[in-house]
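Just so it is clear, none of the values below were taken in a lab; they were calculated from the coordinates. In this text the structure is predicted, and so the values were computed from the model without any measurement. Cβ coordinates were reconstructed from backbone atoms using ideal geometry, including for glycine residues, and neighbour counts include every protein chain displayed.
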Amino acid sequence: MINRSDLAAPRHDWTQTEVESLFDLPFAELVFRAASVHRQWFDPTEIQLSQLLSVKTGGCAENCGYCSQSSHFDTGLKATRLMNPDTVIAQAKVARDGGAQRFCMGAAWRDLKDRDVPALARMIGGVKALGLETCATLGMIQPHQARALQAAGLDYYNHNLDTSAADYARVVTTRTYQERLDTLASVRAAGMKVCCGGIVGMGETRVARAGLLMALATLPEHPDSLPINALMPIPGTPLGDSPPLDGLEFVRTVAVARLVCPRAVVRLSAGRDGMSRELQALCFLAGANSMFVGGKLLTTALPDIDDDQRLLADLGMTPMRDAVAPNRSLAASA
Ligand code: SAM
Ligand code: DTB
Ligand code: SF4
């Protein structure tokens with residue numbers, strides 16, 4: 001059993017058994033511990049707001065069993081080419097004016113091709129010049145590509161582990177877990193921040209959820225952003241018929257993420273559309289302090305913008321003031 005006093009400082013030596021024992025705590029005890037750790041590192045009334053844009057949709061060579069954009073499955077999605085940088089920058093401005101703090105550009109690629117780097121660099125530079133934090137998720141990248149993106153102004157690179165190492169081959173077979181870890185290492189080596197999390201509700205066990213969080217918490221550096229996605233079941237994909245994960249188990253996952261990666265901004269990502277206001281409030285209590293806004297993720301829906309604004313107002317939550325440099329210790333600066 002883990003003592004409360006052990007939980008404040010970031011650790012990198014979490015074991016599977018320890019993480020599972022956090023999941024197994026009585027619900028109120030787990031949420032209390034997570035909320036306590038949350039306020040040691042963050043102001044719990046603040047939330048970081050990100051907005052996504054699919055800058056290249058569909059036709060992807062990977063077979064991720066959850067994804068609407070894989071060419072391996074017939075999901076009815078129309079594939080597009082990489083968007084013009086000026087169009088992306090114009091949409092980023094709309095996002096900024098709507099209150100987004102970070103703009104995340106997603107491309108349905110297995111891996112980044114060097115020929116696309118110049119257009120992406122122009123896109124990233126233009127978004128950054130708007131005063132937004134920049135994030136991209138473009139599939140696997142090599143060290144030289146990571147350096148080029150960083151030089152263009154990219155703050156964060158998103159690349160998820162998706163599930164535990166042991167569960168992984170059930171979900172994706174065209175890219176290995178190690179390849180994902182290699183991309184994360186290239187991102188770090190280039191000096192960018194890492195956005196890395198996973199998906200729950202894919203029919204995985206609690207052991208697999210604990211294994212995902214253990215993998216994230218034992219990285220050489222914890223992710224700066226940690227997205228927890230609830231599967232958006234896509235008809236036509238192998239996981240399209242998965243039953244939704246129990247809401248309380250989702251909250252437990254958020255709470256354990258907060259405990260094992262205390263300084264990470266934990267993001268309520270895909271799946272928020274189907275969640276009640278009360279469930280989202282519980283997630284914020286359990287340590288989630290970021291969410292996607294703007295009505296749309298990449299190919300699926302988010303709650304209506306007005307509903308999100310009302311939710312945050314009703315909860316007394318405000319945009320994170322220091323969204324460009326979070327992860328500071330309030331306890332240390334008090
Ligand atoms: N192609 C790039 C890649 O896979 O890294 C970037 C885009 S991909 C859509 C980004 C992440 O979105 C995936 O790693 C996965 O975790 C998440 N995702 C994709 N489809 C999802 C779905 N149907 N439900 C929940 N999360 C999903
Ligand atoms: C992440 O972890 N979640 C976002 C972002 N990173 C790129 C993507 C969610 C995608 C949900 C399915 C869709 O809209 O296609
Ligand atoms: Fe391609 Fe990314 Fe979808 Fe996998 S998750 S199929 S890599 S777009």
Other-chain or far-sequence residues with amide H under 5 Å of MET140's (modelled H): ASP111, LEU112
Label-point separation, ALA61 to ALA119 (7 Å along Cα→Cβ), nm: 1.7
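Place a +1 charge on the Cβ of each Lys and Arg in the range 1-132 and a -1 charge on the Cβ of each Asp and Glu, then give the dipole magnitude about the Cα centre in debye, rounded to the nearest 20.
Numbers: 15 positive and 15 negative charges, 151 e Å.
Roughly 720 debye, rounded to the nearest 20.
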Could you tell me the relative contact order of the chain? Use alpha-carbon pairs under 8 Å, at least six residues apart, and round to a whole percent. 25
How far apart, in nanometres, would the label points at LEU279 and GLU179 be if each is projected 7 angstrom from Cα along the Cα-to-Cβ direction? 3.2
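Using the 2.2 N^0.38 Å rule of thumb for compact globular proteins, work out how the range 205-334 stacks up: its C-alpha Rg over that value, please.
Numbers: Rg = 15.3 Å, N = 130, 2.2 N^0.38 = 14.0 Å.
So the Cα radius of gyration is 1.09 times the expected 2.2 N^0.38 Å.
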Between ALA169 and ASP304, what's the calculated FRET efficiency when r is the beta-carbon distance and R0 is 45 Å? Round to 0.05. 0.75
Under 5 Å between amide hydrogens, which residues at least 5 positions from TYR156 or on another chain qualify, with H placed 1.01 Å from N in the peptide plane? THR134, CYS135, ALA136, LYS193
Which Cα, out of GLY198, MET140, SER225, lies furthest along the positive dipole direction of the chain (beta carbon charges, K/R +1, D/E -1)? MET140
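Rounded to the nearest 500, what is the 222 nm mean residue ellipticity of the chain from helices alone, with -39500 (n - 2.57) per DSSP H run of 4+ residues and division by all residues? Before the final figure, lay out each step's value.
Numbers: 11 runs with 121 residues, N = 334.
Dividing the helical sum by the residues of the chain leaves -11000 deg cm²/dmol.
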Where in the range 105-128 does the amide nitrogen come within less than 20 Å of the point 7 Å from the Cα of ALA189, taken along Cα to Cβ? 111-115, 117
Mind listing the long-range amide H neighbours of LYS296? Cut-off is under 5 Å, sequence gap 5 or more, other chains count too, H placed in the peptide plane at 1.01 Å from N. LEU302
Only Lys, Arg (+1) and Asp, Glu (-1) charged, at Cβ; the chain dipole about Cα centre in debye: 800
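Let me know the Kirkwood hydrodynamic radius for the chain, please, with Cα pairs as the basis and the value in Å to one decimal.
Numbers: mean 1/r = 0.0504 Å⁻¹.
Over the chain, the inverse of the mean reciprocal pair distance is 19.8 Å.
What FRET efficiency would be calculated for the residue pair ASP241, ALA28, taking the C-beta separation as r and a Förster radius of 51 Å, to the nearest 0.05?
On the way: r = 33 Å, r/R0 = 0.65.
E between ASP241 and ALA28, to the nearest 0.05, is 0.95.
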Please compute the modelled spin-label separation between THR45 and GLN16, points set 7 Å along Cα→Cβ, answer in nm with one decimal. 4.3
